[in-house]
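The values are calculated or read from the model by the stated rules, or taken from the named source; none is laboratory data. Quantities reported herein were computed from a predicted structural model and do not represent experimental measurements. Note: ideal-geometry Cβ built from the backbone for every residue, glycine included; neighbour counts use all protein chains shown.
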């Protein structure tokens with residue numbers, strides 16, 4: 001484990017190695033804030049101290065970040081898909097993960113975090129225990145001053161973070177160290193800035209001030225045996241992270257320079273001198289001015305010659321700016337009129353969609369590590385603390401009793417997906433999923449988990465099953481109502497069935513659920529003492545369907561109806577519709593009767 005002195009020495013070496021990266025971050029931040037004059041002060045004058053063009057880098061970064069900000073779908077899969085207990089366990093853990101994200105406001109943070117990734121090439125996330133709420137907190141921090149170190153397998157080894165705090169802030173946070181923080185020359189109320197180093201690795205969390213001989217402000221051992229930090233780094237051929245707009249800074253500055261030159265040219269054209277003949281002694285200047293001369297055709301404004309190459313170069317710079325930023329012109333609504341097909345628009349946005357897809361793949365792995373550390377932290381710190389958690393998972397409210405030792409139980413895995421077809425629009429993704437589902441290449445569960453929008457898979461499956469069962473129950477009641485004519489035709493009393501159906505309708509009008517109304521209406525009456533055994537029921541419906549003493553046929557069919565002829569007339573005769581189904585050319589019935597008997601499949 002590193003000491004405070006060793007951490008201070010390592011930080012000085014790391015900062016020197018990443019000096020160029022830090023300068024690029026500072027330049028991007030200044031340009032995003034509209035302060036191009038801080039990056040290139042010699043390109044601006046006192047008359048025009050700031051940029052006069054739209055901040056293309058800021059526009060592109062914000063739009064790209066908004067495309068990346070929506071969270072992926074989080075689903076904790078069951079180890080055995082056919083086990084109800086395993087599915088309930090996975091569904092409960094999914095809701096626990098949703099609680100972490102909601103408490104930490106991860107969705108709101110993602111707009112800034114995705115901007116960090118696009119602009120600076122890094123998206124660091126730190127997980128800290130909230131001992132008051134007893135929940136792990138996820139925070140995305142600025143990559144400025146962050147120096148991650150990875151091993152040869154790409155795993156994070158440590159994160160050294162440098163922030164600046166005033167002497168007054170540090171003294172208020174650590175009053176017992178006021179003398180050491182201020183030193184010999186600073187006042188406790190001073191606004192002088194001091195560099196504070198925050199170091200994280202698998203062994204420790206440590207906070208120190210290198211300027212005060214590595215004064216240690218805080219220390220806590222790491223109880224997870226791995227850094228409580230996850231860093232998403234933009235892919236590249238170098239070990240140093242680079243933002244998406246590092247290469248277009250000077251293109252935007254050059255475009256601003258050409259715009260300033262064009263404005264100067266327009267100003268010179270407006271203020272161009274007036275050429276007059278030699279006989280003009282004096283003349284007025286301004287609108288409606290009169291010039292007296294014998295040669296009025298010689299009065300003119302001296303023309304200013306401008307090379308068209310300057311305007312062509314400005315257009316080339318705009319094209320280079322869009323190409324370097326991988327930001328198509330269609331994103332701002334500018335599109336050539338000849339491009340009228342969706343295929344043409346997708347071709348223009350091909351590079352943009354590819355960058356979004358690549359970033360989503362990096363984010364997917366990052367969130368998977370974040371959830372794993374959060375589950376581990378919750379179980380390690382508050383494993384036996386049972387608490388109620390409420391929230392919403394994919395728009396569905398929930399309230400569960402959460403106990404990490406029971407509901408996590410050492411399983412820190414979670415599936416994080418952006419949908420089956422990343423980079424595709426939702427319509428094409430749904431069509432592809434439905435086609436594969438129709439050919440039985442994938443299951444319904446997999447299809448739901450790959451939707452391009454988030455749903456609670458287990459909750460949705462339960463809802464679908466309830467809807468299908470209610471629909472089947474409703475169809476059964478409708479089929480029962482259709483047996484009333486057969487009861488009357490067989491000489492049985494249909495009043496009992498009519499009363500039960502009426503009772504179902506009344507209960508439904510009062511708001512009772514369909515299944516409760518049917519259960520109450522068709523509940524068997526309590527048999528009084530001394531009644532006949534169950535097999536001798538005089539229920540007309542039972543007699544009709546079960547062959548009771550009322551004279552009904554067996555096998556659940558009406559009297560005189562053979563198997564497979566339940567929907568036909570007596571003796572299997574076809575109904576009048578079947579008899580008149582055949583018509584000749586004049587529209588008259590053919591009077592041909594066909595009797596068809598078949599057994600059900």
Go over the candidates 227, 235 one by one and state the one that is under 30 Å from residue 364 (Cα atoms), under 31 Å from the mean Cα position of the chain (by Cα) and surrounded by fewer than 17 Cβ atoms within 10 Å (Cβ to Cβ).
235
Test of understanding: among 467, 461, 503, which residue is assigned to a helix (DSSP H, G or I), modelled with pLDDT under 80 and farther than 30 Å from residue 362 by Cβ?
461
Those residues that are in contact (Cβ under 8 Å) with a residue 60 or more places away in the chain, more than 17 Å from residue 121 (Cα to Cα) and surrounded by fewer than 13 Cβ atoms within 10 Å (Cβ to Cβ), I need them from region 8-51; list them, please.
12
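The rows are residues; the columns are (1) touching a helix residue (DSSP H, G or I) at 6+ places or on another chain (Cβ under 9 Å); (2) free of Cβ contacts under 8 Å to residues at least 40 places away in the same chain; (3) part of a helix (DSSP H, G or I); (4) surrounded by fewer than 11 Cβ atoms within 10 Å (Cβ to Cβ).
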site	(1), (2), (3), (4)
186	yes, yes, no, no
211	no, yes, yes, no
243	yes, no, no, no
282	no, yes, no, yes
Picking from 471, 476, 495, which residue would you name as being under 23 Å from residue 84 (Cβ atoms), without any contact (Cβ under 8 Å) to a residue 24 or more places away in the chain and loosely packed, with under 12 Cβ neighbours inside 10 Å?
471
Please go through region 482-492 and give me each residue that is closer than 24 Å to residue 516 by Cβ and surrounded by fewer than 13 Cβ atoms within 10 Å (Cβ to Cβ), ordered by number.
482
Would you say residue 379 is closer than 20 Å to residue 226 by Cα, over 24 Å from the mean Cα position of the chain (by Cα) and either modelled with pLDDT of 90 or more or surrounded by fewer than 14 Cβ atoms within 10 Å (Cβ to Cβ) (or both)?
yes
